[in-house]
């Protein structure tokens, strides 16, 4: 059975940076054969080199073939290491940049697969988050449930294999069921932290409304600019994916 779904990606680079310097990357794909939708957001670490490229590789791999457990993540990483190495070693680099490259790139990840049988699955590494909204209420935050957790340095996916043993072993995984008109929000860390700080204000309603606007990208940029002006959010690349199961019969 097919079911209508929709996804929207909204992103704003950190203030003072150009759009092409945005180290967040997000994408989604709808599988027409079984109506599944896959979405992923990776947040490249700004203190590392080639983080944007690493984030793009991770998201492309997840959307093409979702890795929803440690074993499949490990398989995906084996190919990603080679792609990152090839892509970054082909450039002539000053010695100090080459030294930084040896330390690798790092990124947080949150990935989602929503299936037509009424189930969904998600994985996360680091501090990018997923929020499941059903019946107008927040049902589940994942993997972080408390804004204070953002004060700790997150474990991230690295382009250097030796750094990922703990990541693969302790990959955060979750699954659940969805209903028609549910929504999933995938947020990079700055926006996720703001979201968790303001749960009493029902922040999902604002983000869902913004994503439905015809000028959603401009409205989202204006919204993030205002949060930065108010010092309500850290000046960082900021990204939101909204996935909706808008209507249709229950898949149960």
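Checking each residue in segment 158-203 for being assigned to a helix (DSSP H, G or I), surrounded by fewer than 22 Cβ atoms within 10 Å (Cβ to Cβ) and modelled with pLDDT of 95 or more picks out 194, 196, 197, 199, 200, 201, 203. The set of residues in segment 126-141 that are under 14 Å from the mean Cα position of the chain (by Cα), outside any loop (DSSP other than H, G, I, E, B) and under 15 Å from residue 191 (Cβ atoms) comprises 129, 130, 131, 141. The condition (being under 23 Å from residue 142 (Cβ atoms), touching a helix residue (DSSP H, G or I) at 6+ places or on another chain (Cβ under 8 Å), at pLDDT 90 or above and part of a loop (DSSP other than H, G, I, E, B)) is satisfied by just one residue among 62, 28, 67: 67.
Of the residues that make up segment 182-205, is at least one in contact with a strand residue (DSSP E or B) (Cβ under 6 Å, 6 or more places away or on another chain), more than 30 Å from residue 80 (Cβ to Cβ) and in contact (Cβ under 8 Å) with a residue 40 or more places away in the chain? Scanning segment 182-205, I find at least one residue that is in contact with a strand residue (DSSP E or B) (Cβ under 6 Å, 6 or more places away or on another chain), more than 30 Å from residue 80 (Cβ to Cβ) and in contact (Cβ under 8 Å) with a residue 40 or more places away in the chain, so the answer is yes. Restricting to segment 70-96, count the residues that are touching a helix residue (DSSP H, G or I) at 6+ places or on another chain (Cβ under 6 Å) and assigned to a loop (DSSP other than H, G, I, E, B). Of the residues in segment 70-96, 0 are touching a helix residue (DSSP H, G or I) at 6+ places or on another chain (Cβ under 6 Å) and assigned to a loop (DSSP other than H, G, I, E, B). Per the conditions (1) crowded, with 20+ Cβ neighbours inside 10 Å; (2) within 15 Å of residue 24 (Cα to Cα); (3) touching a strand residue (DSSP E or B) at 6+ places or on another chain (Cβ under 8 Å); (4) at pLDDT 95 or above, the sole criterion not satisfied by residue 131 is (2). Go through segment 98-119 and give me each residue that's more than 18 Å from residue 46 (Cβ to Cβ), in contact with a strand residue (DSSP E or B) (Cβ under 9 Å, 6 or more places away or on another chain) and outside any loop (DSSP other than H, G, I, E, B). The answer is 111, 112, 113, 114, 119. Only one of the listed residues (69, 117) is touching a residue at least 12 places away in the same chain (Cβ under 8 Å), surrounded by fewer than 19 Cβ atoms within 10 Å (Cβ to Cβ) and more than 21 Å from residue 154 (Cβ to Cβ). That residue is 117.
For the structure I just gave you, tell me whether residue 123 is touching a strand residue (DSSP E or B) at 6+ places or on another chain (Cβ under 8 Å), assigned to a helix (DSSP H, G or I) and buried (at least 19 other Cβ atoms within 10 Å of the Cβ). In short, no.
The values are calculated or read from the model by the stated rules, or taken from the named source; none is laboratory data. The shown structure was predicted, so the numbers you read here are calculated from the model rather than taken from an experiment. All Cβ positions, glycine included, derive from the backbone under ideal geometry; neighbour counts span all protein chains shown.
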